[in-house]
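Below is one structure, written out as structure tokens; the observations come after it.
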Amino acid sequence: MAVPTVKPKLKTSFKKARTIAPLYTGGPLAITPDGQKLATCVAEEIVLTNTATGAELNRFAGDTESITALCVTASAKYLIAFTGSLSLRIYDLQSLEPSKKKIQPTRTISKAHEAPVHVCTTDPTSTLLASGSADGVVKVWDIAHGYVTHVFKGHGGVVSALSFNYPQNPDSVIQSGPIRLVTASVDTRIRIFNLTNGASTSSGGGKPEAVLEGHVSVPRGLDISPDGKWLISGGRDSVVLLWDLQPPGEQPKQQKKGKSKGATALPLLVKTIPVLERVESVGFLFQDPSSYGTVNGLQFYLGGQKGKIAVRNLSDEAEAYTFGEKISQPQLEDQEEQRQILDVLYVPNARTIISVHADQNIILYSLETHAVSKQLIGYNDEIVDATFIKSRQSTNLLALATNSSLIRIYSPETLDGRLLEGHSDIVLALDSSPDGRFLASGSKDRSARIWVQKPSGSTDVSEWTYACVAICEGHAESVGAVAMSKVKTETENGQLRFMFTGSQDRTIKMWDLSGVTLESAASGQESRIKSLSTLKAHDKDINALNVSPNDKLLASGSQDRTAKIYAIDYIPTSAGVKGELRQVGILKGHKRGVWTVRFCRTNRVVATGSGDKTVKIWSLDDYSCLKTFEGHTNSVLRVDFFNAGLQLVTTASDGLVKVWSIPEEECKATLDNHEDKIWALAVSDDNRTIVSGAADSVITFWEDCTEETEAEKETQRAELVLKDQEYQNYVSLGDYKRATLLALSLGQPGRLLSLFQKIISSRSGDADPDATSESNVNLLDRIVGSLDGIDIVKLLSYVRDWNTQAKTSAVAQTILYAIVKLRSADSILQSFKDSVVERQIVEDADTDADEPIIAARPNMNGETALKEMVEALIPYSQRHLARMDRLLQESYVVDYILGEMDDGMFDTGFSSGEEGDGMDVDEL
């Protein structure tokens, strides 16, 4: 690589451009009817996310208990949540703007149920809320006023599903029948309650119009067609049942005497559809109004055990199409459980259907293209490794290895993600080819895999997905390090050369990848790669590998506290390829295991990071240690060169990212946004972006802002120089009033103190010495009288500080006396209130959107601020008064002593004034 002729500038400032934080950690979800905002649970809080950009819009304050049920009204006006504390919390969404503050509920009902609520739903008019609890009680609430309208008891256990039956005439928006509520519980029965003519709150639970028996396990999904005729239910008994809610000519069975008058026909079971999987969610898709009353053209969706959404026709029960792929490797029970669907959200207005999986992944599908429109990865767990890759459209993507067998692929711009299935155990290491189009991974399943993006005719980034094209097997233990060749090939198909893997079995294997190309993904076949050589490299686990930029050397780091350098012999021949490693150097000096090694791209040096908290740079000529960097307070886990080899970036177990200057041997920047070990580090090709990923499941994008910061500092410096000159001009012209205002605006208490000392000592500006003045300094009075409320508070804060020292207390007391005498108590209190409001606005504007927001700031009011100020002024003022009293008393003692010296000669000479009563000074 050519060395740049112009020495690059050091990068000293980085800003947190974006973070990928946990989006969903489990629990219920809800989405607005337009499909643009998704409400998810993160621990005990609710997060509102923009589905298009993946950005967090708002965060809703919880009550420290987990969210058990969640829903959004059809009008998108309210977000409703039930928590483990049995409380009902209603949030207003209609007037909500993206904010950094936690949103407080507009209504809270402390004990909505006697047991936890697991399901809730609202009616199409957004006026009623139904909630079902674990004790078998269903309540219907008036959302706007917060009171209970109906209570239904009698369920044989936990209420598992709810749905409103709100039939409408297809030719009109007017309701065409009574409102009913359909419920399901763990007793396998489905109950229908009439809300229009049903029980009230006072009755304590009305009788259901009908009890439907057909399931043999708990029903998990209920839905009613728009015309109110069809009810579909699905449960964990692997069947879907279709019920006719308006059967013609049928009479209710087992009617009691005297109760048959006015009875309606009971719903009939029309179809039993076996689906061969446990169903967690079921519902109708869009129905053409022309087909109301029939099953022709009516389709339903279901999701559950198989991890995909299946759409079936009700007319012939055939599967029309599916969303998602079946779970691969079904023999792995853990993977099967992770990929199961827990819920399906249907958004007809956005023509979108969403599947929520047990591994906290949320996938959005388009009903028009039947393809994935976006995938939101809810929770990444511990992030182990990261690397930048490129799609076929040359779009930058980020690959992540987490505490999972699935590899995450992110689009940094939209946070759209994909999951790569293939490994059967946790992925530990990642690396990319020089052009970024190939991805290598090493796993605890003792294998390494090569991934390539599948060919696609679309250039849309949402179409990208990757496939495994090669498998490298042969290690006896976990593969903890992978390193691909770094020399770019000129072929269009992106042919690779070789790859190295390091394992807990203490060996390094070399693999021939010459047969792996970009077109390998088109065949869909996974080739088995044989190793070229195996070397017993270290005495303990191998933690890191790295290939030099010219493919001539390999560096390895191990828990045996050493790093080693090997010469790579890669010889293509007519009979095949030969490859081997030859050890050429050992890097000794670390006192703990070596976690990371990295070659410099421009100089013949290599960097290592160790558990002894240090980073060392070694010469490749004599393998001696050239420099040692100390600053981290815990093990250094990752290191990389950037900025043409002038700088290092390191991450450690202390949760910090540090940027170092190699020539100056000092830390230039410390980046803090993590709370746990930072295992992942990646630097973009243009050296402008640093990505760090930690065990706290947070990914941070740090962007270089050195030039912006320097420009801002230069602008501030220029402004400060101008204001300084302006201040000097005011002082030289004797315009102390404007000089004071300018010093206050600049926040320079030292200059203010000097200015007030000059004003008080010289009595400047006293045009009329005989004029009355509260502080005996007319100019000081005029200055204090002209200050506004905010400046008065600033001045009082400086007076408080000056009052703590004896040598400046006189100035402080004079200014304080002028403020108290010239301003009323009410005006001073109002000044403090205005100052608190201004400070609050500034703090809110400067607060980072990704940082947690304090819900309430206690004691942040004008009265408290003024009280604290007075309490700080009184003790020192009393101390100064006591000191002046002592000085006054001591002065009397001095006067007395002087008067009594030499038989009172001073007293007789100066006090009596009588002739002959003392020494005549003139005679001397």
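What the table below lists for this structure:
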item	result
Evaluation of T596 against (1) at pLDDT 95 or above; (2) closer than 30 Å to T709 by Cα; (3) of a type in the set (S, T, Y) (one fails), failing number	(2)
Residue ID - surrounded by the fewest Cβ atoms within 10 Å (Cβ to Cβ), chosen from residues in region 409-460 that are of a type in the set (V, I, T) and more than 29 Å from the chain's Cα centre (by Cα)	T459
Subset of region 532-584 [surrounded by 15 or more Cβ atoms within 10 Å (Cβ to Cβ), acidic (D, E) and over 42 Å from the mean Cα position of the chain (by Cα)]	E580
Filtered residues of region 348-369 (kept if more than 26 Å from the chain's Cα centre (by Cα) and in a strand (DSSP E or B))	S366
Residue in region 694-714 that is surrounded by the most Cβ atoms within 10 Å (Cβ to Cβ), counting only those that are aliphatic (A, V, I, L, M) and either assigned to a strand (DSSP E or B) or without any contact (Cβ under 8 Å) to a residue 40 or more places away in the chain (or both)	I699
Any hit, region 257-264, residues being at pLDDT below 75, on the phi > 0 side of the Ramachandran plot and not aliphatic (A, V, I, L, M)	yes
Region 545-573 residues that are closer than 18 Å to D640 by Cβ, paired with ones that are of a type in the set (K, R) and in a strand (DSSP E or B) (beta carbon under 8 Å, 6 or more apart)	N546/R598; A555/K564; A555/R598; S556/K564
Subset tally (residues that are buried (at least 20 other Cβ atoms within 10 Å of the Cβ) and either aliphatic (A, V, I, L, M) or on the phi > 0 side of the Ramachandran plot (or both)) for region 593-612	4
Listing of strands (runs of 3 or more DSSP E) fully contained in region 100-160 that carry 1 or more residues being in contact with a Phe, Trp or Tyr (Cβ under 6 Å, 6 or more places away or on another chain)	117-122, 128-133, 138-142, 147-152
Residue in region 673-680 that is more than 22 Å from P22 (Cβ to Cβ), surrounded by fewer than 20 Cβ atoms within 10 Å (Cβ to Cβ) and touching a strand residue (DSSP E or B) at 6+ places or on another chain (Cβ under 8 Å) present	no
Residue within region 747-760 that is touching a Gly at 6+ places or on another chain (Cβ under 9 Å) and under 18 Å from N803 (Cβ atoms) present	yes
Residue count for region 153-209, restricted to those that are modelled with pLDDT under 60 and over 22 Å from F284 (Cβ atoms)	8
Candidate set: region 336-347, residues that are farther than 15 Å from G283 by Cα and within 25 Å of the chain's Cα centre (by Cα); chosen: the one surrounded by the fewest Cβ atoms within 10 Å (Cβ to Cβ)	Q338
Among the candidates D142, D92, residue that is acidic (D, E), farther than 21 Å from I46 by Cα and free of Cβ contacts under 8 Å to residues at least 40 places away in the same chain	D142
Exclusive hit being part of a helix (DSSP H, G or I), at pLDDT below 50, over 30 Å from F60 (Cα atoms) and not polar (S, T, N, Q), set G909, G918, G904	G909
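Yes/no matrix, rows are residues, columns are (1) farther than 13 Å from V606 by Cα; (2) out of contact with any His (no Cβ under 6 Å at 6 or more places or on another chain); (3) assigned to a strand (DSSP E or B):
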position: T628; (1), (2), (3): no, yes, yes
position: F641; (1), (2), (3): no, yes, yes
position: G645; (1), (2), (3): no, yes, no
position: K668; (1), (2), (3): yes, yes, yes
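The values are calculated or read from the model by the stated rules, or taken from the named source; none is laboratory data. These figures come from a predicted structure and were not determined experimentally. Backbone-built Cβ (ideal geometry, glycine too); neighbour counts: all protein chains shown.
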